[in-house]
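The values are calculated or read from the model by the stated rules, or taken from the named source; none is laboratory data. Keep in mind it's a predicted model, so treat the numbers as computed, not measured. Using ideal geometry, Cβ is built from the backbone for each residue, glycine included, and neighbour counts are taken over all protein chains shown. Accessible surface is based on the protein model in full, side chains and every heavy atom, while ligands, DNA and RNA are left aside. Shrake-Rupley method; radii C 1.70, N 1.55, O 1.52, S 1.80 Å.
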Amino acid sequence: MIQIKHVRKTFKQRSSGSFTAIDDVSLTIRKGEFVSLLGPSGCGKSTVLNMVAGLEGYDEGTIEVNGTKVTGPGSDRVVVFQEHALFPWLTVLDNVAFGLKQKGIPKKERYEKAMEQIKTVHLSKFADRYPHELSGGMKQRAAIARALAMDPEILLMDEPFAALDEQTRLILHKELEEIWMKTGKTILFITHNIREAVILSDRVVVMSTRPGTIKKEFAVQAARPRDNADSVIHHVESAIMDVLAEELEKVVKEEMGDEYSLKKNDFSRDSADSVGGGI
Ligand SMILES: Nc1ncnc2c1ncn2[C@@H]1O[C@H](COP(=O)(O)OP(=O)(O)OP(=O)(O)O)[C@@H](O)[C@H]1O
Ligand SMILES: [Mg+2]
């Protein structure tokens, strides 16, 4: 469904020259697969997602979606960002129906379709509310409903739950898994949270930084729906923690010099924390 081959992306620097943000990244995502990108801050996760979305260009390599080269945004891909991008002057229903209106779908049909997705994310009681009347979790649910209403084949999610409290996040994990199992969408998901990546994904791709490349991939062969207590989940989490610890040590040394050393145990063993988020 998504094929990224040997992609390189440079950004012009204000001072002089250019800097390579992404180098030789190759990644294939199958139809219906749930894949997460994990890695230290600044390693290029959002850049990869934005290139797949068609919001950013690239310098070398190719990105194909369904066999067609990505040259810009398309209706087959919808992005859900960390900050819900709801229109404050529209109700939940009108926000969710907005893209359908742009597509020229008649009012009755677009409201029916929008309500269907609002029901999927359990917001039926709040359809006539405005964004400022909703909690953070509800706003993200509305943003997901709006993305689903467009019925894209691919959902691109850039830290969609990062700003939420832990309980809300756990509920949304369950809901997203249910939606994914029901709809069979292909999902590329970015997070700093190891637990979140492992619980949700079929495959977790760990990136390394400067320049951003793919360091290692982990298949999560645990039964669905996922269970937090599953030993497979804990096993994969621990393996990812080892690889990320190495990566973070590299970043810290580059930034602070050789005298600075981190050990794996310097990181919180509760991987529900955002490991690497602050680096
Ligand atoms: N528009 C831009 N112009 C210049 N540099 C950019 C631009 N966008 C991103 N970068 C740089 O490219 C690198 C990768 O950024 P990116 O936002 O993809 O990282 P990330 O992995 O998503 O980080 P985070 O986890 O903090 O969101 C960073 O060094 C960043 O400063
Ligand atoms: Mg990012």
Could you tell me how many of the residues in the stretch 22-40 are surrounded by fewer than 22 Cβ atoms within 10 Å (Cβ to Cβ) and within 12 Å of ligand 1 (Cβ to nearest atom)? 1
Could you say whether any residue in the stretch 145-166 is out of contact with any helix residue (DSSP H, G or I) (no Cβ under 6 Å at 6 or more places or on another chain), farther than 21 Å from GLU112 by Cα, open to solvent by 10 Å² or more (accessible area, probe 1.4 Å) and in a helix (DSSP H, G or I)? yes
With the structure loaded, tell me whether VAL206 is open to solvent by less than 20 Å² (accessible area, probe 1.4 Å), in the same structural domain as ARG8 (by TED's automatic domain parsing), touching an Asp or Glu at 6+ places or on another chain (Cβ under 7 Å) and among the β-branched types (Val, Ile, Thr) or whether it fails that test. no
Could we say that LYS5 is part of a loop (DSSP other than H, G, I, E, B), away from ligand 2 (no atom under 16 Å from the Cβ), within 26 Å of PRO152 (Cα to Cα) and not β-branched (Val, Ile, Thr) here? no
Restricting the stretch 41-56 to residues that are within 7 Å of ligand 1 (Cβ to nearest atom) and of a type in the set (S, T, N, Q), the one modelled with the lowest pLDDT turns out to be SER41
Of everything in the stretch 57-66 that's open to solvent by less than 60 Å² (accessible area, probe 1.4 Å) and either within 13 Å of ligand 2 (Cβ to nearest atom) or part of a loop (DSSP other than H, G, I, E, B) (or both), which residue is nearest to LEU248 (Cα to Cα)? TYR58
Just name the residue that is nearest to ALA145 (Cα to Cα) out of those in the stretch 117-131 that are free of Cβ contacts under 8 Å to residues at least 12 places away in the same chain and open to solvent by 80 Å² or more (accessible area, probe 1.4 Å). LYS119
Applying the selection to the stretch 225-251, what residues are in a loop (DSSP other than H, G, I, E, B), open to solvent by 60 Å² or more (accessible area, probe 1.4 Å) and of a type in the set (D, E, K, R)? ASP227
Cross-chain or 6+ apart pairs with Cβ under 8 Å, the stretch 188-203 first and over 16 Å from LEU244 (Cβ atoms), then within 13 Å of ligand 1 (Cβ to nearest atom) and β-branched (Val, Ile, Thr): LEU188/VAL52
Tally up the residues in the stretch 8-52 that are within 15 Å of ligand 2 (Cβ to nearest atom) and assigned to a strand (DSSP E or B), please. 8
Residues of the stretch 230-268 classified as at pLDDT 65 or above and under 22 Å from VAL205 (Cα atoms), total: 23
